[in-house]
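Enquirer: Can you read through this structure? Questions will come right after.
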Amino acid sequence: MNRAVIEAMTQSGETAESLASRVGVDPKTAARWASHGRIPQTRHRAQVAMALGRDILELWPEALRRREPVWFRRWADIEREAIALRGFELAWIPGLLQTEAYARATLAGEALTEEEVDQLTKARIGRQSVLHRARPPLLVAVIDEAVLRRPVRGRPELMREQCAHLAECAELPTVQVHVVPADTGMYAGLGGPFIVADLDDGTRVAHVDGQVRAQIIDQRQDIATLEQRWARIVGEALPRAQSLDLIRKVAAAWT
């Protein structure tokens, strides 16, 4: 039995039937999560945790055991502690907003074993639990329009699903997605992607990706430089509502 799930259901007043209704599964499936200790599918874990008022890590710690590379763990810890995350992406959908299929596709062509791809994919999807915890961080993501239109090895259905998922995420109250339109021309974002995390003690830390390795930056002068870049990038992006309309149009175009 999963005692953590049983305890959470008791305290929240949820039954297998009510939980199943909220998540959109059969009541027998919801009952198995407690009585047999089975772990919900990835797409359901965040919904169940939210319904029970718990973090995913509390309910299924084994499912979220650390799979990310050692070099990335410091940033993963910062990400979990952040009260706000602001990031720009030039090439990919941000990791916190990726579908499992898209996440897996981003690893194609790397010198990785099938097991390593599985581990990295699960780690990335597991990080998304921060968006569905009791007090999620504010996430503001700015992406270049080219990210939405870049095909994935001739699989339009994968991009249709990913764009639709991105639009879904963009409707969450603590998530904002903005798109820099394709006709913008030269702008500050072409220098590369980055994320700035605000922590509850008032400090700011940044993550900057590179071809060889990523860097975690906490020097005030460097953070100030990224803040200036951020302001210039956001200035080129479409407003939230227009960005969402564009994402939906691109999703429909992937046929």
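Enquirer: Restricting the search to the stretch 196-208, which residues are within 24 Å of residue 178 (Cα to Cα) and open to solvent by 60 Å² or more (accessible area, probe 1.4 Å)?
Expert: 204
Enquirer: If you scan the stretch 90-103, which residues turn out to be more than 17 Å from residue 167 (Cα to Cα) and crowded, with 18+ Cβ neighbours inside 10 Å?
Expert: 90
Enquirer: Out of the stretch 1-52, which residues are open to solvent by 50 Å² or more (accessible area, probe 1.4 Å), without any contact (Cβ under 8 Å) to a residue 60 or more places away in the chain and under 23 Å from the mean Cα position of the chain (by Cα)?
Expert: Within the stretch 1-52, 22, 24, 39, 41, 43 qualify.
Enquirer: Condition first: touching a His at 6+ places or on another chain (Cβ under 6 Å) and either open to solvent by less than 40 Å² (accessible area, probe 1.4 Å) or among the acidic types (Asp, Glu) (or both). Can you find one or more residues in the stretch 132-147 that meet it?
Expert: yes
Enquirer: While we're on this one: Taking the stated definitions as given, is residue 255 open to solvent by less than 50 Å² (accessible area, probe 1.4 Å) and either touching a residue at least 40 places away in the same chain (Cβ under 8 Å) or closer than 20 Å to residue 91 by Cβ (or both)?
Expert: No: the conditions fail for residue 255.
Enquirer: If residue 51 passes every condition in (1) at pLDDT 85 or above; (2) more than 28 Å from residue 96 (Cα to Cα) but one, which one does it miss?
Expert: Just one mismatch for residue 51, condition (2).
Enquirer: Turning to a different aspect of this structure: Are any residues in the stretch 69-93 of a type outside the set (A, V, I, L, M), within 18 Å of residue 198 (Cβ to Cβ) and in contact (Cβ under 8 Å) with a residue 60 or more places away in the chain, and if so, which ones?
Expert: Answer for the stretch 69-93, where residues must be of a type outside the set (A, V, I, L, M), within 18 Å of residue 198 (Cβ to Cβ) and in contact (Cβ under 8 Å) with a residue 60 or more places away in the chain: 74, 75, 79, 81, 86, 87, 88.
Enquirer: Follow-up. Of the residues that sit in the stretch 209-226 and are of a type in the set (Gly, Ala, Ser) and surrounded by 10 or more Cβ atoms within 10 Å (Cβ to Cβ), which one is nearest to residue 92 (Cα to Cα)?
Expert: Residue satisfying both the conditions and the ranking: 214.
Enquirer: On the given criteria, is residue 223 hydrophobic (A, V, I, L, M, F, W, C) and at pLDDT 95 or above?
Expert: yes
Enquirer: Does residue 97 satisfy being under 21 Å from residue 243 (Cβ atoms) and in contact (Cβ under 8 Å) with a residue 40 or more places away in the chain?
Expert: On the way: under 21 Å from residue 243 (Cβ atoms): yes; in contact (Cβ under 8 Å) with a residue 40 or more places away in the chain: yes.
Judged against the criteria, residue 97 is a match.
Enquirer: Test each condition in (1) polar (S, T, N, Q); (2) surrounded by 15 or more Cβ atoms within 10 Å (Cβ to Cβ); (3) out of contact with any strand residue (DSSP E or B) (no Cβ under 8 Å at 6 or more places or on another chain) for residue 176 and report the one that comes out false.
Expert: Only one criterion is unmet by residue 176, namely (3).
Enquirer: Follow-up question, since we're still on this one. Which of the residues belonging to the stretch 69-89 are farther than 15 Å from residue 214 by Cα and either touching a His at 6+ places or on another chain (Cβ under 7 Å) or outside any helix (DSSP H, G or I) (or both)?
Expert: Within the stretch 69-89, 82, 83, 84, 85, 86 qualify.
The values are calculated or read from the model by the stated rules, or taken from the named source; none is laboratory data. Small disclaimer: the values here were computed from a predicted structure and weren't measured. Note that each Cβ is placed from the backbone with ideal geometry, even for glycine, and that neighbours are counted across all protein chains shown. Remember, those area values only see protein heavy atoms, side chains included, never the ligands or the DNA or RNA. Shrake-Rupley method; radii C 1.70, N 1.55, O 1.52, S 1.80 Å.
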